[in-house]
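Step one of this worksheet: look at the structure below.
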Amino acid sequence: PDLKPAKSWNADASIEYYPEASSLISATAYYKRIKDFIFTNGSQVNATTVNGTIEISQPKNGETAEVYGVEFALIKNFQGLIEPFDGFGFEGNLTLQHSSAETGLDYRKGRSIRFINTPHLLYNAALTFQKYGIEAKLSYNYRGKYIESLRDNAVDKWVRPNRSVDLHLRYNISRQFAIDLDVANLLNDWRYYTTKGDNPSYQKDYLEPGRTYLLRATFNY
């Protein structure tokens with residue numbers, strides 16, 4: 001496809017504060033300036049097939065793009081509380097960002113879009129517990145919507161917001177032997193949901209795999 005390599009200038013600044021040995025508060029600001037970024041542009045043509053149309057895609061170079069935002073993180077263990085609450089803890093992070101891109105495509109001249117594969121909101125939160133040989137983590141993850149690929153008709157392929165609640169349990173029976181249980185997607189949400197354009201009514205792809213369970217035993221000697 002005769003692509004140019006993508007080039008990026010990046011700048012970031014961060015600050016961390018440790019209120020106690022097992023806790024952390026941090027904040028980060030960042031900026032990225034990207035030239036000749038690579039994206040996929042797709043189109044559909046009529047064809048005598050069972051499905052009626054064939055989708056054709058081609059990687060291309062865009063012109064310029066920029067991404068900037070802030071990130072916040074918090075880790076807090078509740079040491080000093082009465083038992084068993086002194087075993088609990090909290091972990092969380094939040095990313096707020098903005099992006100824009102100039103594709104260089106004729107039908108998009110002068111109209112910037114979001115940078116490809118760049119959600120503008122992401123956050124995670126988790127409640128943890130470590131005591132009596134038990135390690136537990138209940139986590140919530142959220143990823144906002146983003147453009148996955150462009151289309152010649154400007155009705156781009158968007159990935160809808162996604163959330164996931166997951167559980168991890170570990171019991172250390174001894175120093176050598178432990179049992180783990182992982183449950184992914186506790187709320188039975190979709191994993192992948194795309195639409196034609198930024199409108200949830202025009203569904204394109206949908207994947208709902210359900211919950212998954214993983215039980216394993218570990219022995220160290």
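The values are calculated or read from the model by the stated rules, or taken from the named source; none is laboratory data. These numbers come from a predicted model, not from an experiment. Backbone-built Cβ (ideal geometry, glycine too); neighbour counts: all protein chains shown. Heads up: the accessible areas ignore ligands, DNA and RNA and are worked out on the full protein's heavy atoms, side chains in. Shrake-Rupley method; radii C 1.70, N 1.55, O 1.52, S 1.80 Å.
Quick notes
- Any hit, the stretch 37-44, residues being in a strand (DSSP E or B), among the hydroxyl-bearing types (Ser, Thr, Tyr) and within 29 Å of Lys4 (Cβ to Cβ): yes
- Hey, Ile54 within 23 Å of the chain's Cα centre (by Cα) and open to solvent by less than 80 Å² (accessible area, probe 1.4 Å) or not: no
- Matching residues, the stretch 162-221, being outside any strand (DSSP E or B), surrounded by 13 or more Cβ atoms within 10 Å (Cβ to Cβ) and among the aliphatic types (A, V, I, L, M): Leu186
- Filter result for the condition that a residue is open to solvent by less than 30 Å² (accessible area, probe 1.4 Å), modelled with pLDDT under 95 and in contact with a Phe, Trp or Tyr (Cβ under 7 Å, 6 or more places away or on another chain), over Leu105, Leu150: Leu150
- Filter result for Ile75 (open to solvent by 60 Å² or more (accessible area, probe 1.4 Å) and over 30 Å from Gln130 (Cα atoms)): no
- A search for C-beta distances below 6 Å between a residue of the stretch 16-34 that is within 20 Å of Phe90 (Cα to Cα) and open to solvent by 80 Å² or more (accessible area, probe 1.4 Å) and any residue that is modelled with pLDDT of 95 or more and small (Gly, Ala, Ser), counting only pairs 6+ apart in sequence or on different chains, returns Glu16/Ser26.
- Within the stretch 153-169, the only residue that satisfies the criterion of being small (Gly, Ala, Ser) and at pLDDT below 90 is Ala154.
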